[in-house]
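These notes concern the structure reproduced below.
The values are calculated or read from the model by the stated rules, or taken from the named source; none is laboratory data. Treat the numbers as computed from the prediction; the structure is a model and nothing was measured. FYI the Cβ positions are ideal-geometry reconstructions off the backbone, even for glycines, and counts take in every protein chain you see. Side chains are part of the model used for accessible areas, which takes the heavy atoms of the whole protein and leaves out ligands, DNA and RNA. Shrake-Rupley method; radii C 1.70, N 1.55, O 1.52, S 1.80 Å.
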Amino acid sequence: MPPAVPNTVAHAWTFQDRTWLPERLPRLMGIINVTPDSFSDGGLFATVDAAVEHGLRLAAEGADLLDVGGESTRPGALPVPPAEEAARVLPVLRRLASQTKVPISVDTRNAAVARAALEAGAAVVNDVSAGTHDPHMLDVWRQSACGIVLMHMRGTPQTMQVDPRYDDVVREVASSLAARVAACAAAGIDPGRIVVDPGIGFGKTAAHNVELLRNIAALHKLGRPVLVGHSRKRFLFELLGRQTDERLAGTIGVSVALAMQRVDWLRVHDVAAVRDALRAWDALRPGEPASPESCAE
């Protein structure tokens, strides 16, 4: 494993009236899938009441950000019309925004959904296409003060897992993300509003995913906070032989390994379990334990 790379103030995430400075432990983005077909929990939170209850539970468990998505982007998933996606996420966003102070992210690649979600109370747009799917997305970002997550994906959900190949997956993913940060800057978007995500499972084999997870240092060099979404994903089946509902231990193990590399954010389903594991690990390593304070506003 590469040596840990210390975070610096250069990796602060600043948007709206909020600044998240680097912390000793990763912050946690809690996943709320308002979909019938997401790979792990599709259908469990497809109603507004169930999704809001789940979001409030994740907030109580210590989530720093709640990520609400209405379109599954699992391998092979078909696109969801933006109107249908908006109908799924907007009622959830509105109710969560009125019931918790934890900021909310919308997981969408459609500009119309992003715009409506920001008007409904979302603070962050998490785009799996890094702003390439919808030509109007960068306009939405430029016209707002939202936070932005740029994720790397090769291909589309329909094609991304059809024999993905790289000469050097770490270099190519880092280069692609750097280009997207530059494209945002050229469009008049402050790079300080951006977080980068290597896109575990999005156009990568299990070997590619492991190589990326071992080399977070290459992503730190982009000068932006790094978010990783590894929770319950299929590469854990390749590593451990575990089915989706048996991957919590593997998710936690990878979470600790990423914390050792000073990842800034982890996108996870099981906030309480991952948070407890990180705090227990932190208590046993040299130095002062992490502060409970996670956000300076």
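When segment 88-107 is filtered for residues that are open to solvent by 40 Å² or more (accessible area, probe 1.4 Å), at pLDDT 95 or above and not in a loop (DSSP other than H, G, I, E, B), the ones remaining, listed by number, are 91, 94, 95, 97, 98, 99.
Here is a check on your reading of the model: is residue 14 at pLDDT 95 or above and hydroxyl-bearing (Ser, Thr, Tyr)? Step through it out loud before you land on a result.
On the way: at pLDDT 95 or above: yes; hydroxyl-bearing (Ser, Thr, Tyr): yes.
Yes: the conditions hold for residue 14.
Take the residues of segment 59-82 that are part of a helix (DSSP H, G or I) and in contact (Cβ under 8 Å) with a residue 12 or more places away in the chain: which is most open to solvent (accessible area, probe 1.4 Å)? The qualifying residue most open to solvent (accessible area, probe 1.4 Å) is 82.
Restricting attention to segment 160-172, which residues are assigned to a loop (DSSP other than H, G, I, E, B) and without any contact (Cβ under 8 Å) to a residue 40 or more places away in the chain? Write out each step before concluding.
Restricting attention to segment 160-172, the residues satisfying the condition of being assigned to a loop (DSSP other than H, G, I, E, B) are 160-168.
If the condition is that a residue be assigned to a loop (DSSP other than H, G, I, E, B) and without any contact (Cβ under 8 Å) to a residue 40 or more places away in the chain, then 162, 163, 165, 167, 168 are the ones that fit.
Taking the criterion of being part of a loop (DSSP other than H, G, I, E, B) and touching an Asp or Glu at 6+ places or on another chain (Cβ under 8 Å), the residues of segment 120-142 that qualify are 128, 133. If you scan segment 37-87, which residues turn out to be modelled with pLDDT of 75 or more and of a type in the set (S, T, N, Q)? The answer is 47, 72, 73. Return yes or no: is residue 246 acidic (Asp, Glu), farther than 19 Å from residue 22 by Cα and modelled with pLDDT of 95 or more? So residue 246 does not fit the description; no.
For the residues 213, 219, 227, 239, the requirement of being hydrophobic (A, V, I, L, M, F, W, C), assigned to a helix (DSSP H, G or I) and crowded, with 23+ Cβ neighbours inside 10 Å singles out 219.
Any residue at all in segment 243-254 that's closer than 18 Å to residue 126 by Cβ and open to solvent by less than 40 Å² (accessible area, probe 1.4 Å)? Show your work before the answer.
Let us first name the residues in segment 243-254 that are closer than 18 Å to residue 126 by Cβ, namely none.
Checked segment 243-254: no residue is closer than 18 Å to residue 126 by Cβ and open to solvent by less than 40 Å² (accessible area, probe 1.4 Å).
With in a helix (DSSP H, G or I) and open to solvent by less than 10 Å² (accessible area, probe 1.4 Å) as the only criterion, which of 259, 273 stands out?
Values: 273 fails: open to solvent by less than 10 Å² (accessible area, probe 1.4 Å).
Checking each option against the conditions leaves just 259.
Within segment 184-202, does at least one residue satisfy the condition of being open to solvent by 30 Å² or more (accessible area, probe 1.4 Å), farther than 30 Å from residue 249 by Cβ and either hydrophobic (A, V, I, L, M, F, W, C) or in contact with a Phe, Trp or Tyr (Cβ under 7 Å, 6 or more places away or on another chain) (or both)? Before you say what the answer is, go through the steps one by one.
We begin by selecting, within segment 184-202, every residue open to solvent by 30 Å² or more (accessible area, probe 1.4 Å); these are 185-186, 188, 190-191.
Filter again for farther than 30 Å from residue 249 by Cβ, leaving 185-186, 188, 190-191.
When the remaining residues are screened for being either hydrophobic (A, V, I, L, M, F, W, C) or in contact with a Phe, Trp or Tyr (Cβ under 7 Å, 6 or more places away or on another chain) (or both), the result is 185-186.
So far as segment 184-202 goes, yes, one or more of its residues are open to solvent by 30 Å² or more (accessible area, probe 1.4 Å), farther than 30 Å from residue 249 by Cβ and either hydrophobic (A, V, I, L, M, F, W, C) or in contact with a Phe, Trp or Tyr (Cβ under 7 Å, 6 or more places away or on another chain) (or both).
Scanning segment 118-155 for residues that are over 13 Å from residue 189 (Cα atoms) and either without any contact (Cβ under 8 Å) to a residue 40 or more places away in the chain or charged (D, E, K, R) (or both) yields 118, 119, 120, 121, 125, 127, 129, 133, 134, 135, 136, 154. In the set 145, 183, 117, only one residue is closer than 22 Å to residue 222 by Cβ, assigned to a helix (DSSP H, G or I) and aliphatic (A, V, I, L, M); that residue is 183.
Criterion first (over 20 Å from residue 275 (Cβ atoms), touching a residue at least 60 places away in the same chain (Cβ under 8 Å), open to solvent by 10 Å² or more (accessible area, probe 1.4 Å) and in contact with a helix residue (DSSP H, G or I) (Cβ under 9 Å, 6 or more places away or on another chain)) does residue 14 satisfy it? So residue 14 passes the test.
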